[in-house]
Amino acid sequence: MTATHPYIDQHLSRFTAELMEMLRIPSVSADPQYKEQVLRCAHFVENCFKTMGLDGVEVIPTKGHPIVYGEKIIDPSLPTILVYGHYDVQPADPLELWHSPPFEPVIKPTNIHPKGAIFARGACDDKGQFFMHLKAVEAMLSSDELPCNVKFMIEGEEEIGSEHLGYFVHENKAKLAADIILVSDTGMLANDVPSVTTGLRGLSYVEVEVTGPNRDLHSGLYGGCVKNPINALCEMIASLHDEKGKITVKGFYDSVLEISRDDRDAMAKAPFSEEDYKRALDITDTYGEEGYTTPERGSIRPTLDVNGMWGGYIGEGAKTVIASKANAKISMRLVPNQDPEEITRLFQDHFERIAPTGVNVKVTPHHGGHAAVTPLDSIGYQAAAMAYKETFGKEAIPVRSGGSIPIVAMFEQVLGLKTILMGFGLDSDAIHSPNEHYGLYNFEMGIKTIPYFFKHFVELSKNQ
Ligand code: BES
Ligand code: MN
Ligand code: MN
């Protein structure tokens, strides 16, 4: 045990109270109405940095939301760990589905969280998780156990694509110099099945618009004579997958790195129950690309999904109308070696090509990012595995996740640094959904596991 644990035990209820205070700030990055709140949250993080004794603390303005930075350099000859996280959160809607208001955090018991969970938007993604690092470093500083240098960079635009952080990273390579990046913004398999995330998918996100007649038309007078943009959009979207669940966009799979049978067999060792999965989601069956298991479909294979679709009359009752246009938002999750810009281009070409006569199609690209993988033979991964072993008493399982944190690939490309993803959330924590929550057990275990990562990373670095 490290000397940090008595400090953590003693101060845990204060840590929880501080986190709950931060969760009261509705730092929704996507909605301009919350701009002031996002800034308020940045200052909250700044204050935490100052109170815990970091140096060089600043709220760095960007053309979007600010980045909060702070560091503790104890000896330039020692390794440096750069902690990344995000203080922005997803919009809370649909509000009516929350059992308690999203920005009024409450602790409630659940079936799977031994010490209950905090319910609030951002509790798990990512306020509750990045805050563990502040508290772990506070504990190390207070018990004189910080074994290396640490830099913190907490941003306010992860949920909208990290565009301005991207510029910042390009322009501040020296300031961000480090040996490894450490992030808690993913999940683990279960509270008694610790795992380390070893991969993230990339993302290509587009919006499409299908336009037909120059105005909404009477569906009796014009129905059957004019190509209906909503019908057209539905036909086009339906054709994006074939009967084997493969994506039909021409060239979509060309650059995909196929995973070896050995790696797939290793993945299959992680516990997974198709029945539990279906039950948890109330679905009668799973779906996906032929020839792959559900965990594979959700991590090592690329996907295409409609995220939202609108057009025509959606109010009360019936209105007989052929809408003049129809829209959809589409995400494509990418795997290593697929280039988001190229995929966006392929999609655009394909979608324009399949448009039926009588309508026009416009594709607008949004944010994107590359996939990332962590090699298991790196000292970063080994240090993480050793850390979980210390606190959970068992071997952590390496798991590739289906989610995306686009800045991670950029860290590697621009700073030449690998990222270690030590996530403590559970898939059932409802991130991005109503009633998001984060287990107090997970919060505590995170704070207690992080100092071991520091310790082992420094020790393993010595032998390099
Ligand atoms: N923390 C998530 C990503 C995540 C969650 C990865 C769980 C692995 C496991 C992150 O905040 C997120 O939501 N990312 C977005 C991408 C972003 C560009 C909007 C995503 O994956 O949709
Ligand atoms: Mn996140
Ligand atoms: Mn998120």
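The values are calculated or read from the model by the stated rules, or taken from the named source; none is laboratory data. Predicted model, so just to flag it, every value in this text is computed and none were measured. All Cβ positions, glycine included, derive from the backbone under ideal geometry; neighbour counts span all protein chains shown. These area figures cover heavy atoms from the full protein model, side chains too; ligands, DNA and RNA do not enter into them. Shrake-Rupley method; radii C 1.70, N 1.55, O 1.52, S 1.80 Å.
Tabulated results
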item	result
Dipole magnitude of segment 50-156, debye to nearest 20 (Cβ charges: Lys/Arg +1, Asp/Glu -1, about Cα centre)	180
Debye, to nearest 20: dipole size of the chain, +1 on Lys, Arg Cβ, -1 on Asp, Glu Cβ	300
Å² of accessible area per residue within segment 23-89, as computed with a 1.4 Å probe and no ligands counted	44
Per residue accessible area in Å² of segment 105-201, where ligands, DNA and RNA are left out and the probe is 1.4 Å	30
Residue-averaged [θ]222 nm for the chain, counting only DSSP H segments that reach four residues, each worth -39500 (n - 2.57)	-10000 deg cm²/dmol
Residue 48 accessible area, assembled protein chains, probe 1.4 Å, Å²	20
Antiparallel DSSP beta bridges within the chain, as percent of all bridges there, nearest 5	70
Area of residue 458 that stays accessible when all protein chains are in place (1.4 Å probe, Å², to 10)	10
Segment 1-59 - Kirkwood radius from inverse mean 1/r over Cα pairs (Å)	13.2
Solvent-accessible surface (1.4 angstrom probe) belonging to residue 152, in square angstrom, nearest 10	0
Around residue 284: net Lys/Arg minus Asp/Glu count, Cβ-Cβ under 13 Å	-2
Approximate shape of segment 417-464 as ellipsoid semi-axes (Cα gyration tensor, √5λ), whole Å, largest first	29, 13, 5
Cβ-based charge dipole, segment 309-464, positive-most Cα from 382, 396, 369	369
Theoretical FRET efficiency, 1/(1+(r/R0)^6), r = Cβ-Cβ of residue 463 and residue 270, R0 30 Å, to 0.05	0.55
List 459, 275, ordered by accessible area with a 1.4 Å probe, largest first	275, 459
Kyte-Doolittle mean at least -1.0, axial Cα span of 15 Å or more - DSSP H helices of the chain	4-23, 35-51, 127-142, 379-392, 440-462
Net length gained if the chain between residue 353 and residue 320 were fully extended (0.36 nm per residue, minus Cα distance)	8.9 nm
Accessible surface of segment 1-127, 1.4 Å probe, proportion on carbon and sulfur as whole %	55
FRET E, pair residue 253, residue 40, Förster distance 56 Å, beta-carbon r, rounded to 0.05	0.80
Relative contact order, percent, segment 280-378 [alpha-carbon distance under 8 Å, six or more residues apart]	22
Listed residues 146, 176 arranged by accessible area, highest first, probe 1.4 Å	146, 176
Difference of contour (0.36 nm per residue) and Cα-Cα distance, residue 244 to residue 9	79.4 nm
Surrounding net charge for residue 73, when Lys and Arg each add one and Asp and Glu each subtract one, Cβ distance under 9 Å	-1
For the chain, radius of gyration divided by Kirkwood radius, i.e. Rg to Rh on alpha-carbons	0.99
Partners for residue 244 among lysines (Cα-Cα distance below 24 Å; same-chain residues under 8 apart left out)	278, 329
Surface accessible to a 1.4 Å probe, per residue, for the residues of segment 379-432, Å²	37
Local electrostatic count, residue 368, Cβ distance below 12 Å [Lys/Arg +1, Asp/Glu -1]	-1
Cα→Cβ-extended label distance, 7 Å offset, between residue 284 and residue 413, nm	4.4
Stretchable slack from residue 75 to residue 214, in nm (0.36 nm times residue separation minus alpha-carbon distance)	43.3 nm
Normalised contact order of the chain, rounded percent, pairs of Cα under 8 Å and 6 or more residues apart	25
